[in-house]
Amino acid sequence: MRRGISLEERERIAAEALAAQGALPTEPLSVRVADAVKLTGIPRTALYELIGAGTIDTVKIGRSTFILYASLKRLFQKY
């Protein structure tokens, strides 16, 4: 009696996992403020001003502030 799954089943599962990875988004959902500074070249204080004005959407988790990547893209599409 053999335990586990067959080699063919393992190969099928691996192929499905690889196919699913291709469907994952290639850009992040959010970035930290320091990463947004590097990505955009906008100074930290200016980013916080944009956040305060509601121009850039953020999510606060604990003490960390995350800027929604889509919000950064919208900012640059405007100008």
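Bear in mind that the values in this text are calculations on the coordinates, not laboratory data. Note that this is a predicted model, so its numbers are computed, not measured. Heads up, the Cβs are rebuilt from the backbone with ideal geometry, glycines too, and the neighbour counts pull from every protein chain shown.
Counting only alpha carbon atoms, the long axis of helix 69-78 and the longest principal axis of the chain meet at about 50°. Computed on the chain, with alpha-carbon pairs under 8 angstrom and 6+ residues apart, the relative contact order is 27 percent. In loop segments of the stretch 20-66 as defined by DSSP, the trypsin sites (Lys or Arg not before Pro) with at most 14 further C-beta atoms inside 10 Å of their C-beta are R63. Kirkwood analysis of the Cα pair distances in the chain returns a hydrodynamic radius of 15.5 Å.
Partner aspartates and glutamates whose Cα lies under 16 Å from the Cα of K38, excluding those fewer than 8 positions away in the same chain, are identified as E27. Placing pseudo-labels 7 Å out from each Cα toward the beta carbon at D57 and A14 gives an inter-label distance of 4.0 nm.
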